[in-house]
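Enquirer: Here it is, the structure in full.
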Amino acid sequence: MKDTTSGLNNFPKTQIKPYDGMSVTADVWAQAHEEHRQAERAHNASFHGSGIVNGLEVVANDPPDQYVFVSPGVAVDSAGNTIVVSEPVAYDFGALAEGTLFLLLGHGEREISGVQKEVRYIQNEFVIAARSNMPKRPAVELARVTLSEPKAPVKNAANPAHPETEELDLRFRTLIGAEPKQFVRVALCGAGDELPHAARGWRFLARECQRETPYQLVIDYDVPLTTELKDYDLVYWGGKGAFKINSDGVMALREYLDQEKQLIIEALDEAAQEPCQALIKKLGRELHPLTESDSVLVEPFLFDVPPEGSHGSHVLLGQQVIYSAAGYSLSWSGKIDGEKTPRAKIRSAHEWGVNMICYCMTG
């Protein structure tokens, strides 16, 4: 259980009250500023806890040896100290290290001289060190590794969920920073009278993405197939009936795909399946069934097969293309087969939609 009381006793209970004519000695000055520092540390410990705010990634050298590299970043220790690593750091585990080692980040201070000898400063510093046990003094864990013998090379984990001996174990890193949102501009294009219903589903999916992913969807509805598609991060085409797309529209989609961006094509009824597949062929893409190696099945939610949408669960993948005949955009609005739908099915459809967005943005 997270300790939410560790910082309570650190909040300053008194503060210096100034008055005209008071003598501001070095001790008074130090106490006045220490009140603010104490309040900041207490706030950090109580409201945010101890851990990594951002950055501070740890990677092994290539080829592997005793060195690892720590990227710049910010952390907060259990005493509430803010620790800033402003430049990349190379750390050497050394030739004698063996057993389980904890790579730790700690806070430090030291007094330095100013330009004028009578002026002195306290400089905040950081310390990175590997230890065989967790220290009593505040520290933030960056990684751990178990070395079978001295001089064993430290490697990145082949499977981060199950690191082996000599591989960096990053599972015990505590992340406390708020994840920044990445805006994703989505163009909804299509043919047929189902597009407004699909747009409603996309609005609900955007809400799920806001909660579950680092992506914030900004959706434009009924976008024409023109060269302006290049301004979007993701394009959705939803077709109903035996639609046709003219050569200019096909060219606009080709130019969009030439930017290495992703396209979702969805047949919203049975009659639209053949035109959708013809469009994919004109775009020079070949489709294949999903396999267990496709990340859309596992990130961030685990699926063995795609869930049921409004019209089944048929999904195919191609280069930069997801094709669906399942009508997921309709099911995202809570209607499957036009009927009231159990919450479990709606939730599965939303989670699948989140997987599709993550696949498109990382593929």
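Enquirer: Restricting the stretch 182-195 to residues that are surrounded by fewer than 13 Cβ atoms within 10 Å (Cβ to Cβ) and of a type outside the set (D, E), which is farthest from T82 (Cα to Cα)?
Expert: It comes out as F183.
Enquirer: If you check I264 against the conditions, is it touching a Gly at 6+ places or on another chain (Cβ under 8 Å), in the same structural domain as W202 (by TED's automatic domain parsing) and not in a loop (DSSP other than H, G, I, E, B)? Quick ask: steps written out before the conclusion?
Expert: Numbers: touching a Gly at 6+ places or on another chain (Cβ under 8 Å): no; in the same structural domain as W202 (by TED's automatic domain parsing): yes; not in a loop (DSSP other than H, G, I, E, B): yes.
Here the answer is no, as I264 does not meet what is asked.
Enquirer: On the given criteria, is E299 out of contact with any helix residue (DSSP H, G or I) (no Cβ under 9 Å at 6 or more places or on another chain), modelled with pLDDT under 95, of a type in the set (D, E) and in a loop (DSSP other than H, G, I, E, B)? Explain how you work it out, then say what you get.
Expert: Details: out of contact with any helix residue (DSSP H, G or I) (no Cβ under 9 Å at 6 or more places or on another chain): no; modelled with pLDDT under 95: yes; of a type in the set (D, E): yes; in a loop (DSSP other than H, G, I, E, B): yes.
Answer is no for this residue.
Enquirer: Still on this structure: Please specify each residue of the stretch 204-214 satisfying the condition of being more than 19 Å from G177 (Cα to Cα) and either assigned to a loop (DSSP other than H, G, I, E, B) or free of Cβ contacts under 8 Å to residues at least 24 places away in the same chain (or both). Step through it out loud before you land on a result.
Expert: Here is the first cut: in the stretch 204-214, the ones more than 19 Å from G177 (Cα to Cα) are 204-208.
Hits for the stretch 204-214 are A206, R207.
Enquirer: So, restricting to strands (runs of 3 or more DSSP E) that lie completely within the stretch 39-137, which ones have at least 1 residues that are within 18 Å of L170 (Cα to Cα) and touching a helix residue (DSSP H, G or I) at 6+ places or on another chain (Cβ under 6 Å)? Let's see the steps before the verdict.
Expert: Working: elements: 51-55, 58-60, 67-70, 73-76, 82-85, 89-92, 99-113, 120-131.
Here the list reads 73-76.
Enquirer: Sticking with this one: Does G51 meet the test of being in contact with a Leu (Cβ under 7 Å, 6 or more places away or on another chain), at pLDDT 85 or above, among the small types (G, A, S) and surrounded by fewer than 14 Cβ atoms within 10 Å (Cβ to Cβ)? Let's see the steps before the verdict.
Expert: On the way: in contact with a Leu (Cβ under 7 Å, 6 or more places away or on another chain): yes; at pLDDT 85 or above: yes; among the small types (G, A, S): yes; surrounded by fewer than 14 Cβ atoms within 10 Å (Cβ to Cβ): no.
Considered against the rule, which asks whether it is in contact with a Leu (Cβ under 7 Å, 6 or more places away or on another chain), at pLDDT 85 or above, among the small types (G, A, S) and surrounded by fewer than 14 Cβ atoms within 10 Å (Cβ to Cβ), G51 comes out as no.
Enquirer: Next question. Among H288, H311, which is the only one that is in contact with a strand residue (DSSP E or B) (Cβ under 9 Å, 6 or more places away or on another chain), over 22 Å from V218 (Cβ atoms), buried (at least 21 other Cβ atoms within 10 Å of the Cβ) and not charged (D, E, K, R)?
Expert: On the way: H288 fails: buried (at least 21 other Cβ atoms within 10 Å of the Cβ).
Step by step, each of H288, H311 is checked, and only H311 is in contact with a strand residue (DSSP E or B) (Cβ under 9 Å, 6 or more places away or on another chain), over 22 Å from V218 (Cβ atoms), buried (at least 21 other Cβ atoms within 10 Å of the Cβ) and not charged (D, E, K, R).
Enquirer: Under 8 Å by Cβ, and 6 or more places apart or on different chains, what pairs join a residue from the stretch 124-152 that is assigned by TED's automatic domain parsing to the domain that holds L105 and among the acidic types (D, E) with one that is loosely packed, with under 13 Cβ neighbours inside 10 Å and part of a loop (DSSP other than H, G, I, E, B)?
Expert: So the pair list comes out as E141/M134; E141/F172.
Enquirer: I've got another one for you. Filter the stretch 156-200 down to the residues that are of a type in the set (D, E) and part of a loop (DSSP other than H, G, I, E, B), then identify the one that is farthest from E141 (Cα to Cα).
Expert: Only one residue tops the list, namely D193.
Enquirer: Out of (1) touching a Pro at 6+ places or on another chain (Cβ under 6 Å); (2) at positive phi, the odd one out for F243 is which?
Expert: That leaves (2) as the condition not met.
Enquirer: How many residues does the stretch 230-261 hold that are assigned to a helix (DSSP H, G or I), within 26 Å of the chain's Cα centre (by Cα) and among the aliphatic types (A, V, I, L, M)?
Expert: Pass one, the stretch 230-261, residues assigned to a helix (DSSP H, G or I): 230-231, 247-257.
Filter again for within 26 Å of the chain's Cα centre (by Cα), leaving 230-231, 256-257.
With among the aliphatic types (A, V, I, L, M) added as a condition, the list becomes 257.
Total satisfying the criteria: 1.
Rundown of residues vs (1) of a type in the set (S, T, N, Q); (2) out of contact with any Ser or Thr (no Cβ under 6 Å at 6 or more places or on another chain); (3) within 30 Å of N10 (Cβ to Cβ), yes/no style:
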position	(1), (2), (3)
E109	no, yes, yes
E118	no, yes, no
P150	no, yes, no
N156	yes, yes, no
F172	no, yes, yes
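Enquirer: In addition: Do we find that A206 is small (G, A, S), in the same structural domain as N81 (by TED's automatic domain parsing) and surrounded by 14 or more Cβ atoms within 10 Å (Cβ to Cβ) in this structure?
Expert: Numbers: small (G, A, S): yes; in the same structural domain as N81 (by TED's automatic domain parsing): no; surrounded by 14 or more Cβ atoms within 10 Å (Cβ to Cβ): yes.
Here the answer is no, as A206 does not meet what is asked.
Enquirer: From the list Y121, Y91, exactly one residue is among the aromatic types (F, W, Y) and at pLDDT 90 or above. Which is it?
Expert: Answer to the selection: Y91.
Enquirer: Restricting attention to the stretch 153-172, which residues are exposed (fewer than 13 other Cβ atoms within 10 Å of the Cβ) and either in contact (Cβ under 8 Å) with a residue 60 or more places away in the chain or closer than 23 Å to V85 by Cβ (or both)?
Expert: Within the stretch 153-172, P160, R171, F172 meet the criteria.
The values are calculated or read from the model by the stated rules, or taken from the named source; none is laboratory data. Fair warning: this is a prediction, and the values are worked out from it, not measured in the lab. Cβ sites come from the backbone with ideal geometry, for glycine too, and all protein chains shown count toward neighbours.
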